[in-house]
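One structure is given below, encoded as structure tokens.
The values are calculated or read from the model by the stated rules, or taken from the named source; none is laboratory data. Given the structure is predicted, the values throughout are model-derived calculations rather than measurements. Cβ placement follows ideal geometry from the backbone for every residue including glycine, while neighbour counts extend to all protein chains displayed.
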Amino acid sequence: MRLSFVLSSVFLCSFSLLAAETLVKPAVSYQLSFDNAAHHEAAIQARFDAVSSANLLLSMSSASPGRYAAHAFAKNIYDLKATDSTGKALPLRRISPGQWSVSQHDGTVIVNYRLYGDRADGTYNQIDRSHAHLNMPATLLFSNDYATLPSSLRFDLPDPRWKIATQLQLQNDGSYTAPDLQYLMDSPVELSAFSSRSWQVADHQSEATIHLVMHHQGTEQQLDIFTEKAKAVVAEQQKIFGEYPRFDYGQYVFIADYLPYVDGDGMEHRNSTILTDERSLLEANYAQIETLSHEFFHAWNVERLRPADLEPFDFQRANMSRNLWFAEGVTNYYGKLTLSRTGHFDLATYLEKTVAALNRVQLSPGRQFFAATGMSELAPFVDAAVSVDPTNYANSFISYYTYGEVLGLALDLTLRTEFEGLNLDLLMRKLWQDFGKTGRFYTEQDLQQALATLTANPDFAKSFFDSYINGNNGQQLPDFKTLFAAMGLQLAPAQPKQAFLTAATLLEQDKQLKVDSNTLIGTPLYQAGVDKGDMLLKLGRYKLSSKAQWDKALSYYKVGDTAELSFSSRGKNYSTQVTFSADPRWALTENKKATAAQLAKRALWLKARL
């Protein structure tokens, strides 16, 4: 049965584990108000009591949980003023871009400042007349002196219709509390007149309430449909691990902003998830459920089943891990696989998405430079990181999301074909029991050892990691054609007779055809010396001024043919010979002659669990 709820009142009952009069006043408290929301400003007061150092060092975070790159959050706070408990102004000295020192206090430091925010996603803030979407690292000044102490927040709501959604614990006095700095910074908040749904989940060890809050411009019926899809995802993923995590305070919150002025994103937190999309539920055809599926899987994988090299999370620098191929990539694999098992994806859709990821990995020249672990280490440069100089990532980088998804697929299919009764679900469950549930953090060696134990075959585990994960035997890919065949599927060239020159993006610009992305190493256009920004002028006797003309010109050639290509690069014209290769992309389709055994294997892989 679906139950609508007012989130703040539900949280008041569920989160107030201590009576208000028994609560000890936190040494750090924040007050947030939004009188200037029309101009994307919040007014924030931070109070630090029982200050023990002569000079209190205050910081704005440079990192955000779930993100691996550095971010200059301090750029969006200003008008800082510090006083003591009597209101006396205190010296406030900026000692680095994101740190300030306060002296001459009386044991209390009160700092008031303004915060600007107009980007709603998993990392930044958006404040306007309709809502306040807050990510705590981008919002709150903090002091490491109080890192292990509780803190409290109060919100002055500018609109009586606004409610509060967060994983923070609501107290009877109306404040929200966090047990320490790590939890505080990992707790986003949505303040708006959102719609909401909730449902109960339970297993052999605990029960919890799942809340879905949504600030959007759709209908209640659309939200009902989305909620049913979310409930199916939640239930299906529990079957993989055999149980739910023990959610703090017995709550988990999906916080969704689907509005035309937000930026598409998803960001996991310990007991909540941020979901943003500039499309409405109707416009996206409920595609946002794929992001929800990925992020909820993180409640196990990353939030609790966690790489050792991400602990403790450092708010002052970029956080690097060698294991994001597993933490993010395998999560990406299960995000899609879950939707096959719930029936959200039909077989054709799932195969299309699977082969798209496989093509990105098998076509990328980046595998010759970095293994999966090395791609993971590049996260500080790519995970919403900002730089002004161009990169050659098209040739040197594969997203650890995609690379890890393909490796998760490879491991799952290999286990299902070479080891009777084994699969990746069982490995995830074993890792959950050994690490996630116990609070132990894993290393890449732990992952390999778990695989060795599950299969009772250390040689297999070592070979798989050496060949596909660590790159000790070169950055190989397994024989996917054989693996898919065991599932009654065919992997084959998509257009084996199609003449091919490039996978680069071509853009029509001022009646010219511009190469709008880096050409890939090994492709004919790369070998011809054509690069991003060049203008394609003529292929053989065919002039090129549009994508349609390019496609038509290609249709006159066969694999192995040669032709003269004319192009312009930075003001100079060039001509060279190109040899057409075969289109290297693969297609993944059903084998209509699949055996009953193959179909049974496929059903165990892709169908819902009882």
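Which residues, counting only those in the range 138-169, are under 27 Å from the mean Cα position of the chain (by Cα) and under 30 Å from ASP224 (Cα atoms)?
Answer for the range 138-169, where residues must be under 27 Å from the mean Cα position of the chain (by Cα) and under 30 Å from ASP224 (Cα atoms): LYS163, ILE164, ALA165, THR166, GLN167, LEU168, GLN169.
Let's see how each residue does on (1) modelled with pLDDT under 95; (2) touching a His at 6+ places or on another chain (Cβ under 7 Å); (3) closer than 23 Å to TYR116 by Cβ:
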site	(1), (2), (3)
ALA138	no, no, yes
SER143	no, no, yes
ASP156	no, no, yes
THR177	no, no, no
LEU191	no, yes, yes
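Looking at PHE370 and the list (1) in a helix (DSSP H, G or I); (2) buried (at least 17 other Cβ atoms within 10 Å of the Cβ), which single condition is not satisfied?
Every listed condition holds for PHE370 apart from (1).
Pick from the range 290-334 the residues that are hydroxyl-bearing (Ser, Thr, Tyr) and touching a strand residue (DSSP E or B) at 6+ places or on another chain (Cβ under 9 Å): which of them is surrounded by the fewest Cβ atoms within 10 Å (Cβ to Cβ)? Walk me through how you get there before you give the answer.
In the first step, residues of the range 290-334 are kept if they are hydroxyl-bearing (Ser, Thr, Tyr); the result is 291, 293, 321, 331, 333-334.
Okay, now just the ones that are also touching a strand residue (DSSP E or B) at 6+ places or on another chain (Cβ under 9 Å), so 291, 321, 331, 334.
Details: THR291: 21, SER321: 24, THR331: 25, TYR334: 27.
Among those residues, the one meeting the criterion is THR291.
Give the residues of the range 539-565 that are in a strand (DSSP E or B) and either loosely packed, with under 15 Cβ neighbours inside 10 Å or more than 42 Å from the chain's Cα centre (by Cα) (or both), sorted by residue number. Break it down into steps so the answer makes sense when it comes.
Within the range 539-565, the subset in a strand (DSSP E or B) is 539, 542-543, 562-565.
Hits for the range 539-565 are TYR542, LYS543, THR562, ALA563, GLU564.
For the range 445-467, check the following and say yes or no: at least one residue is without any contact (Cβ under 8 Å) to a residue 40 or more places away in the chain, touching a strand residue (DSSP E or B) at 6+ places or on another chain (Cβ under 9 Å) and either basic (Lys, Arg) or within 30 Å of ALA548 (Cα to Cα) (or both).
Looking through the range 445-467, none of the residues is without any contact (Cβ under 8 Å) to a residue 40 or more places away in the chain, touching a strand residue (DSSP E or B) at 6+ places or on another chain (Cβ under 9 Å) and either basic (Lys, Arg) or within 30 Å of ALA548 (Cα to Cα) (or both).
Mind listing whichever residues of the range 349-367 are surrounded by fewer than 19 Cβ atoms within 10 Å (Cβ to Cβ), of a type in the set (A, V, I, L, M) and touching a residue at least 40 places away in the same chain (Cβ under 8 Å)?
LEU363
Is there a residue being of a type in the set (Gly, Ala, Ser), more than 20 Å from GLU268 (Cα to Cα), assigned by TED's automatic domain parsing to the domain that holds LEU168 and free of Cβ contacts under 8 Å to residues at least 24 places away in the same chain anywhere in the range 94-104? Steps first, please.
Kept after step one, since they are of a type in the set (Gly, Ala, Ser), are these residues of the range 94-104: 96, 98, 101, 103.
Filter once more, keeping what is more than 20 Å from GLU268 (Cα to Cα): 96, 98, 101, 103.
With assigned by TED's automatic domain parsing to the domain that holds LEU168 added as a condition, the list becomes 96, 98, 101, 103.
Those still in the list that are free of Cβ contacts under 8 Å to residues at least 24 places away in the same chain too: 96.
Yes, that holds for at least one residue.
Out of curiosity, is ALA504 in a loop (DSSP other than H, G, I, E, B), outside the structural domain of GLU352 (by TED's automatic domain parsing) and crowded, with 16+ Cβ neighbours inside 10 Å?
Numbers: in a loop (DSSP other than H, G, I, E, B): yes; outside the structural domain of GLU352 (by TED's automatic domain parsing): yes; crowded, with 16+ Cβ neighbours inside 10 Å: yes.
Criteria met by ALA504.
For the list (1) modelled with pLDDT under 95; (2) surrounded by fewer than 15 Cβ atoms within 10 Å (Cβ to Cβ), I need the number of the one condition that GLY471 fails.
Of (1) modelled with pLDDT under 95; (2) surrounded by fewer than 15 Cβ atoms within 10 Å (Cβ to Cβ), only one is false for GLY471: (2).
Condition first: farther than 25 Å from ASP35 by Cβ and buried (at least 18 other Cβ atoms within 10 Å of the Cβ). Now tell me which residues in the range 86-98 satisfy that.
GLY98, the sole residue that qualifies.
Just the residues that are surrounded by fewer than 16 Cβ atoms within 10 Å (Cβ to Cβ) and not hydrophobic (A, V, I, L, M, F, W, C), please, taken from the range 596-610.
Within the range 596-610, LYS607, ARG609 qualify.
When you scan the range 409-459, how many residues do you find that are aromatic (Phe, Trp, Tyr) and not in a helix (DSSP H, G or I)? Outline the logic, then answer.
Quick first cut of the range 409-459, residues aromatic (Phe, Trp, Tyr) only: 419, 432, 435, 441-442.
Okay, now just the ones that are also not in a helix (DSSP H, G or I), so 419, 441-442.
Selection size over the range 409-459: 3.
Which of the numbered conditions does ARG2 fail, given that it passes all the others? Conditions: (1) crowded, with 19+ Cβ neighbours inside 10 Å; (2) of a type outside the set (S, T, N, Q); (3) at pLDDT below 95.
Against the list (1) crowded, with 19+ Cβ neighbours inside 10 Å; (2) of a type outside the set (S, T, N, Q); (3) at pLDDT below 95, ARG2 comes up short only on (1).
For GLN237, are the conditions met, namely being under 19 Å from the mean Cα position of the chain (by Cα) and either in contact (Cβ under 8 Å) with a residue 40 or more places away in the chain or surrounded by fewer than 22 Cβ atoms within 10 Å (Cβ to Cβ) (or both)?
Values: under 19 Å from the mean Cα position of the chain (by Cα): yes; either in contact (Cβ under 8 Å) with a residue 40 or more places away in the chain or surrounded by fewer than 22 Cβ atoms within 10 Å (Cβ to Cβ) (or both): yes.
Yes.
Output the residue which, of all residues in the range 567-595 that are touching a residue at least 60 places away in the same chain (Cβ under 8 Å) and charged (D, E, K, R), is surrounded by the fewest Cβ atoms within 10 Å (Cβ to Cβ). Before you say what the answer is, go through the steps one by one.
First pass over the range 567-595, keeping only residues touching a residue at least 60 places away in the same chain (Cβ under 8 Å): 578, 580-591, 594-595.
Next cut, charged (D, E, K, R) only: 583, 585, 590.
Values: ASP583: 18, ARG585: 18, GLU590: 15.
It comes out as GLU590.
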